[in-house]
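K.L.:
Let me begin by handing over the structure; questions about it come next.
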Amino acid sequence: MTVTHLELANTVERIYRRFADLLRVDLIRLGNDDISPAQVALLFNIGDDELSVRDLLDRGHYMGSNASYNLKQLVESGYIERQVMARDRRSARIKLTEKGHELCDSLQEFHEEYHEALSNGRDGEAELEHALHTLRRLEEFWTQTLRYGGIPASTTMMTSEARNRR
């Protein structure tokens, strides 16, 4: 069976949706109904750091307006603290509050259990490492291809190498 590029993309999308569903179940188990899975992902991306909104957008690849809405909700719910910069009032730095850290810690416990069940020993751990390596390779391929205007990076490299040989 040949795996297509489209199959890979669709699988990645479905995996993310299932992960969001899992986060939703975890939030219900914890009794948290004031935060969405997308907002939890923002909390995990902030982690222990204090960073600018721009840094967060660059780190997590969020769409600006979507992230702005979710960050506003997280501030209002008390999960993050937003500090406006004195020099440029349009800029802000964000960090998790104690409430945000507590939620991440609780969710991390669930995810450690999931990891144990999924990895199931040394062979399972190797499979997970291989899967992560493959996903990162796919991400890098898509990133490089975008840099070259939709032309696969390997094609662009071959073309420039051929030109250099002349």
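K.L.:
Quick check on region 1-52: of everything there that is among the small types (Gly, Ala, Ser) and not in a helix (DSSP H, G or I), which residue is modelled with the lowest pLDDT?
P.N.:
Among those residues, the one meeting the criterion is 52.
K.L.:
Let me ask something else. Anything in region 60-105 that is in a strand (DSSP E or B) and in contact with a Gly (Cβ under 8 Å, 6 or more places away or on another chain)? List them, or say none. Lay out the reasoning, then the answer.
P.N.:
If we filter region 60-105 for residues that are in a strand (DSSP E or B), which is where we start, we get 80-84, 92-96.
Those that are in a strand (DSSP E or B) and in contact with a Gly (Cβ under 8 Å, 6 or more places away or on another chain): 80, 96.
K.L.:
Hey, among 91, 65, 77, which residue is at pLDDT 90 or above and of a type in the set (Ser, Thr, Tyr)?
P.N.:
It is 77.
K.L.:
In the list 45, 70, 32, 66, which residue meets the criterion of being of a type outside the set (Asp, Glu) and more than 15 Å from the chain's Cα centre (by Cα)?
P.N.:
Details: 45 fails: more than 15 Å from the chain's Cα centre (by Cα); 70 fails: more than 15 Å from the chain's Cα centre (by Cα); 66 fails: more than 15 Å from the chain's Cα centre (by Cα).
Of 45, 70, 32, 66, the one residue that is of a type outside the set (Asp, Glu) and more than 15 Å from the chain's Cα centre (by Cα) is 32.
K.L.:
Looking at (1) over 21 Å from residue 34 (Cα atoms); (2) touching a helix residue (DSSP H, G or I) at 6+ places or on another chain (Cβ under 6 Å), which one does residue 55 not meet, given that it meets all the others?
P.N.:
With (1) over 21 Å from residue 34 (Cα atoms); (2) touching a helix residue (DSSP H, G or I) at 6+ places or on another chain (Cβ under 6 Å) applied to residue 55, the lone miss is (2).
K.L.:
Considering only region 9-66, state which residues are without any contact (Cβ under 8 Å) to a residue 24 or more places away in the chain and among the small types (Gly, Ala, Ser).
P.N.:
Listed by number, the residues that qualify are 9, 20, 31, 41, 60, 64, 65.
K.L.:
Sticking with this one: Residue by residue through region 109-136, note down the ones that are within 19 Å of the chain's Cα centre (by Cα) and polar (S, T, N, Q).
P.N.:
First, pick out the residues of region 109-136 that are within 19 Å of the chain's Cα centre (by Cα): 109-112, 114-115, 128-136.
134, the sole residue that qualifies.
K.L.:
Let me ask something else. Residue 106 fails exactly one of the following numbered conditions: (1) in contact with a strand residue (DSSP E or B) (Cβ under 7 Å, 6 or more places away or on another chain); (2) closer than 23 Å to residue 19 by Cβ; (3) among the small types (Gly, Ala, Ser). What is the number of that condition?
P.N.:
Of everything listed in (1) in contact with a strand residue (DSSP E or B) (Cβ under 7 Å, 6 or more places away or on another chain); (2) closer than 23 Å to residue 19 by Cβ; (3) among the small types (Gly, Ala, Ser), residue 106 misses just condition (1).
K.L.:
Are any residues in region 142-163 in a helix (DSSP H, G or I), modelled with pLDDT of 85 or more and either over 27 Å from residue 47 (Cα atoms) or among the aliphatic types (A, V, I, L, M) (or both), and if so, which ones? Working first, answer last.
P.N.:
Of region 142-163, the ones in a helix (DSSP H, G or I) are 142-147, 153-163.
Narrowing the set further to residues that are modelled with pLDDT of 85 or more leaves 142-147.
The answer is 144, 145, 146, 147.
The values are calculated or read from the model by the stated rules, or taken from the named source; none is laboratory data. In this text, all values refer to a predicted model and were calculated from it rather than measured experimentally. Every residue, glycine among them, receives a Cβ derived from its backbone with ideal geometry; neighbour counts consider all protein chains shown.
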